[in-house]
Amino acid sequence: MTDEVFNIVSAIGIGLTFLASIAAVIVSIISLRYSNRVAKRSGYLSTITASRDKWSDSLRDSASLYFTQIARICSEQEDNLGEIYNELTRYHFAIVLLLFEQDVEIHDNMSVVRRKAFEIVEQSNIINQQYKKLKESPNITEEYIENQEIVMKARQKIHMLRCSILSDYQGRIFDGIRMLIECEWRKQQYEATDMWKEK
C-alpha cells in the first residue's frame, strides 16, 4: 500500500511538474513574441524617425540656401545675377525633390519666384548690353545710359519683380516649408508617445 501511495504521489508530482513546465514554455513563447513585436515596432519607429529627421534636416538646409539666394537676387547687387539664378534653381529643385508633390502650393509659388528671378536676370542683361556701349564709345557717359528709356524701364521692372518676390511669395514659401517641418516633428512625437504606451 505504501508503494502504491508512493507511486500515486510520484505520478501526481511528475504530472504537476510536467504541467508547470508546459505552462513555463507557453509563458516564455508569449513573452518572446511580445518582446519581438515591441522590438520590431521600436526598430521600425527608430528607422522611420531617423528617416524623418534626415528628411527634415535636408529640407531645412535646402530651404535655408534657397532663401539666401532669394535675398541675394533681390538685393541691390547687379553682379553675378546669372550665377545666383542658377543657385536658386538648384535649391528650388532640391526642395521639389524632397517635397515629392506633398505641397503643390509651395511648388507653384517657387515656380513663380523662379520665373520672376529669370526675368530679373534678363532685365539685368539688357542693362549690361547698354553699358557695353560705354566701353565702345568714349563719348557715351554713364548718366546718358541711365537716362535711356530701355534702361529706366529695365530698372523699374527689376524693382517691381524684386518687390513682388519679397512681399508676395517669399513669406508663403517660408510658411509652407515651416508647416511641413512642424508636421513631421508632431508625427515623430505622436509615434514616440504611442510606442511608449504599447510598452
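Which three extents, in whole angstrom, do the alpha-carbon atoms of region 81-145 cover along their principal axes, largest first?
57, 17, 11
Would you kindly calculate the mean projected area, averaged across all directions, of the convex hull enclosing the Cα atoms of region 127-192, in square nanometres?
6.6 nm²
If I model a spin label as a point 7 Å beyond the Cα along the Cα-Cβ vector, how far apart are those points for Asp79 and Ser58 in nm?
Label-label distance for Asp79 and Ser58, simple model: 3.5 nm.
Compute the Rg to Rh ratio over region 53-198 from the alpha carbon atoms, using the Kirkwood formula for Rh, and round to two decimal places.
Looking at region 53-198, the ratio lands at 1.18.
Quick check: net charge around Ile181, other residues with Cβ under 12 Å of its Cβ, Lys/Arg +1 and Asp/Glu -1?
In short, -2.
Rule-based calculations on the coordinates, nothing more; no lab input. All values reported here derive from a predicted model rather than from experimental measurement. Cβ sites come from the backbone with ideal geometry, for glycine too, and all protein chains shown count toward neighbours.
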